[in-house]
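Taking it in order: structure first as structure tokens, then the write-up.
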Amino acid sequence: MSFLVALGVGLAMERQVIREVSPGRGRWLRRSLVVLSKVAALGITMLTGYGLFLSATLTLPRGDEHPPLLIYSAPFMITPGLHVTHAGLIERLRQLGYRLVTTSPRVAGEYAATADTMEIFLRAQPESRVPAQLVRLYLAGGTIRELRALPDGRPLPWVFLEPVVVSGLRDGTKQVREWIALDRMPPLLIQMVLAIEDRRFFSHLGIDPIAIGRALWVNLLRGSVVEGGSTLTQQLAKTLYYSPQRTMSRKLKELVAAMVLELKYSKREILESYLNEIYLGQFGSMSIYGVGEAARRYFGKNLDELSVEEMATIVGLIKGPNRYSPARSLAQATERRNVVLRRLRDQGIVSEEVWAKAAHRPLRIVPSRDAMGDAPHAVDFILHEVEQALGSLPESMKIFSTLDPWIQQMAEQVLREGLDQLEKTYPWLKEGGQALEGAVIVLEAKTGRVRAMVGGRDYRVSQFNRAVQAHRSAGSLLKPFVYLAGFEAARTQGTAGLTPATMLNDKPVTLGAKDGKTGSWSPQNYDRRYRGAVTARAALEQSLNIPAVLVAQRVGLAQLVTLLQAFGIATPQSPDLSVALGSSSVSLLEVASAYGGLANGGVVLSPSVISRVDETNGETIWNRAADRRQAASPQGAYLVTSLLKGVIDRGTGAKARSLGVEGVVAGKTGTTDGYRDAWFIGYTTDLVIGVWVGFDDERPLKLTGAQAALPIWSKLAARLIPPDQPDFPMPEGVVERRIDPHTGQLATAQCPEPITEVFIAGTEPSDYCEIHGGGLWERLKRTFGLF
């Protein structure tokens, strides 16, 4: 009744005011009030309708209803013959979180080591249905000589370290989340979040007028937006349903959504969703959502293992996930952490003693084993390959890649440090706007599996994958295939065919114009010098251009292009002899794969980054089919490998030895016309490592492959190639002869510098050295089969 009386008095006063103003102004005031009333009524109606719509459609995620697409690394095989140091076994165990113990391991995830044995309690691998297992490794000279299961001591051919999660995809962003129930979260962490972000969470209905008023007052006093008044429920609504754009309409929608959530769900359900869904920054290319993922990514721990200061760091991230990220700035993260700790002390949540200790501890991030495996360019390529294979990307599945996280991390670090060093050594590389770039590929020669792929210097700056998407002039990298084409042709030509001992003229020559143009073309060596008659071996070891062009002319362009295509060089080749000098463009992945064919006895395997794809229930829906083809004979491939071993030992790649590369290695430098691209690809019987260095805008480096790419390659190779790396096996049909390198003919006792050379049987020389004379004794021995 009192309300009606007050309403009547108010209306009477309104009529009195209207009568007292002029008739014209009274009519205007009445119309304005009517319009405002209608607008208000319309707004209330729309908000009410929007609220009803939201109440029917809004749902909170509960548990892991929508698991992300997960990408796993390859499991690492431990087998007799493995070199513990060069395989990085101890580092791999640490990366995986295995704990060193002084006694025999008792639980999965522990290991013990002595000078001649190692015991590892391997974790279970549910994806492969492999149980936890205790094994003992017997060592000799740092190499595993025997592998046995414990306690029964039965011998094992191999065991595997578990794969790690390299990355994940959810709602179009790279992320990995494990839902953690509220009951499993540390109570102190929950207290911290509520104290810093929403002290009245359990008393408001989604909107906190007191917090909004306080924020408005503080912002007004400061003259800028320094404090927000959003409740946890509003923040959750914004995270789940709305874009981060700051508009009035979005804010109104967020308010309505918050009230709807409060009506539909309990406070505990809202709080659990918030703590699992809140965005907490980036780690590499991975978006971090939820406090559990933040604990793993930043500190390598589970939530219940966090210290007070680590919890405070995570809580501090909520205000500015990227600004206060410890992965970006330890100083800003520490400052924000200490602000949180002071407020917790002031509110009595932590004691003075706890605050003093926590605030004075240095902030350290310890990335989890998952974070260590992050390979952003490779992950993009993996997702592209899966989409090509399946036609689309399912929301939830498990992709088992071929990546090795230890090698991947090392390759990323070596490339980054190598480019930094080049810029320090050659200051002009920092001029011109664009940064110096590079790429690295590591793959298995016998399987084609890609173990590491680094597509650039910094994925945050550029997502362009230079290992796959960039097609750059190959330069001298294609010369080995020119000589291989000649060796293959020699199989039907006998002693008239090309061999490593064939003498080639390194002198000025004029040929038909490049690219079908009129005129002539005179190729030159990179140093503008000519060496006269040289063997094919010397020509390739020193990467001479003119002999390579002459061999291509001798073989024929059609045969050369056919051979390149057989080795997987799919990009179109120049329709002239300049193809011998790598005038056409290639990607690092395809040319590294082609060199893998040389390492594998002429057998080419298409490079693969995926081994299989499983549904979340474990059912395999796609397997990588092996694509093998014999692109060249084992004998021809062996001859080229023999020449490329010489490149490392005394040719353009000899610097690798002084940079720490040991063992039997073959390789080739690559320098393009105008010094725009620097390459080096080297291989053993097991691994192929490829490096490219250059600028995206193709401006000159003014450096050769030996100067720019080889140092980066060498640093990585020195870590991956053991000193006792075995030699390439000589296939049947290859013979050795002692020759004189100045004539290419069989050496006599008078030849001062004879060398042992390899030939495809039937192509070896029969004439003895004409320069140094002699040969009678050698003829007699050959006649009577004495050598």
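Mind putting a number on the dipole of segment 438-486 about its Cα centre? Charges go on the C-beta only, +1 for Lys and Arg and -1 for Asp and Glu, and I need it in Debye to the nearest 20.
Value, rounded to 20: 40 debye.
Keeping the other protein chains in place, figure out the carbon and sulfur percent of the accessible area of segment 567-656, with a 1.4 Å probe.
Taking all protein chains in place, segment 567-656 shows 48 percent carbon and sulfur surface.
Tell me the per residue accessible area of segment 550-666 using a 1.4 Å probe; a whole number in Å² is fine.
Per residue, segment 550-666 has 36 Å² of solvent-accessible surface.
Under 13 Å from the Cα of residue 715, which aspartates and glutamates turn up, not counting those fewer than eight places away in the same chain?
412, 417, 662
Where the accessible area of segment 297-441 is counted over protein heavy atoms with a 1.4 Å probe, how much of it, in %, is carbon and sulfur? Numbers along the way, then the final one.
Working: 2980 of 6440 Å².
For segment 297-441, the apolar C and S fraction of the accessible surface comes to 46 percent.
Classify segment 417-458 from the C-alpha gyration tensor, please: rounded if a/c falls under 1.5, else prolate or oblate depending on whether a/b exceeds b/c.
prolate
What net charge is computed for the residues neighbouring residue 451, neighbours being all others with C-beta under 9 Å from the C-beta of residue 451, Lys and Arg scored +1, Asp and Glu -1?
-1
Along segment 463-471, what does the Karplus equation 6.51 cos²θ - 1.76 cosθ + 1.60 (θ = phi - 60°) give for ³J(HN,Hα), rounded to whole Hz, x for Gly and Pro?
Result, rounded to whole Hz: 8, 5, 8, 6, 7, 10, 7, 7, 10.
Let me know the shape class of segment 670-712, please: from the alpha-carbon gyration tensor, a ≥ b ≥ c as square roots of the eigenvalues, rounded when a/c is under 1.5, otherwise prolate if a/b is greater than b/c, or oblate.
Prolate, because a/c is 1.5 or more and a/b exceeds b/c.
Once you place label points 7 Å from the Cα toward the Cβ at residue 770 and residue 319, how far apart are they in nm?
So the two model labels end up 8.8 nm from each other.
Can you list residues whose amide H is under 5 Å from residue 281's amide H, if they're 5+ apart or on another chain and H is modeled 1.01 Å from N?
Residues meeting the amide H criterion: 288.
Can you tell me the dipole magnitude for segment 396-513 around its Cα centre, using point charges on the Cβ only (Lys, Arg +1; Asp, Glu -1), in Debye to the nearest 20? Provide the component values of the computation, followed by the final result.
Values: 14 positive and 11 negative charges, 55 e Å.
Dipole about the Cα centre, nearest 20: 260 debye.
Give me the dipole magnitude in Debye, nearest 20, for segment 665-751 about the Cα centre, with unit charges on the beta carbon: positive for Lys and Arg, negative for Asp and Glu.
Details: 8 positive and 11 negative charges, 54 e Å.
For segment 665-751, the charge dipole is close to 260 debye.
Please list, in order along segment 270-282, the HN-Hα scalar couplings obtained from phi with the Karplus expression 6.51 cos²θ - 1.76 cosθ + 1.60 (θ = phi - 60°), rounded to whole Hz, x for Gly and Pro.
Karplus values, whole Hz, x for Gly and Pro: 5, 5, 5, 4, 4, 5, 9, 10, 5, 7, 10, x, 10.
Just subtract the alpha-carbon distance of residue 182 and residue 85 from 0.36 nm times their residue separation and send over the number in nm, one decimal.
30.6 nm
Once amide H atoms are placed 1.01 Å from N in the peptide plane, what residues at a sequence separation of 5 or more from residue 403, or on another chain, have their amide H within under 5 Å of its amide H?
So residue 403 has HN proximity to 74.
Once a ≥ b ≥ c are taken as the square roots of the eigenvalues of the Cα gyration tensor of segment 474-595, is the result rounded (a/c under 1.5), prolate (a/b larger than b/c) or oblate (a/b not larger than b/c)?
Rounded is the answer for segment 474-595, as its axis ratio a/c remains below 1.5.
Mind listing the long-range amide H neighbours of residue 78? Cut-off is under 5 Å, sequence gap 5 or more, other chains count too, H placed in the peptide plane at 1.01 Å from N.
Amide H to amide H, under 5 Å and 5 or more residues apart or across chains, residue 78 pairs with 159, 160, 161.
Starting from the Cα-Cα distance between residue 571 and residue 553, subtract it from 0.36 nm times their residue separation and give me the gain in nm to one decimal.
Working: separation 18, 0.36 × 18 = 6.48 nm, distance 2.08 nm.
Gain on extension, residue 571 to residue 553, equals 4.4 nm.
How long is the gain from residue 750 to residue 116 if the chain were fully straight, where each residue apart is worth 0.36 nm and the alpha carbon distance is subtracted?
223.1 nm
So if R0 is 51 Å, what FRET efficiency would residue 132 and residue 761 give, r being the distance between their Cβ atoms, rounded to the nearest 0.05?
Details: r = 53 Å, r/R0 = 1.05.
That pair, residue 132 with residue 761, gives E of 0.45.
On a 26 Å Cα-Cα criterion, which of the cross-link pairs 238/398; 479/507; 430/507 come out too long?
238/398; 430/507
May I ask you to derive the FRET efficiency for residue 520 and residue 387 from their Cβ-Cβ distance with R0 = 41 Å, giving the value to the nearest 0.05?
Numbers: r = 49 Å, r/R0 = 1.18.
Taking R0 as 41 Å, the efficiency between residue 520 and residue 387 is 0.25.
Roughly what would the spin-label model give for residue 307 and residue 659, points 7 Å off Cα along C-beta, in nm?
If labels sit at residue 307 and residue 659, their model points lie 4.0 nm apart.
The values are calculated or read from the model by the stated rules, or taken from the named source; none is laboratory data. Predicted model, so just to flag it, every value in this text is computed and none were measured. Here Cβ is always computed from backbone atoms with ideal geometry, including for glycine, and neighbour counts include all displayed protein chains. Surface areas here come from the heavy atoms of the whole protein model, side chains and all, with no ligands, DNA or RNA. Shrake-Rupley method; radii C 1.70, N 1.55, O 1.52, S 1.80 Å.
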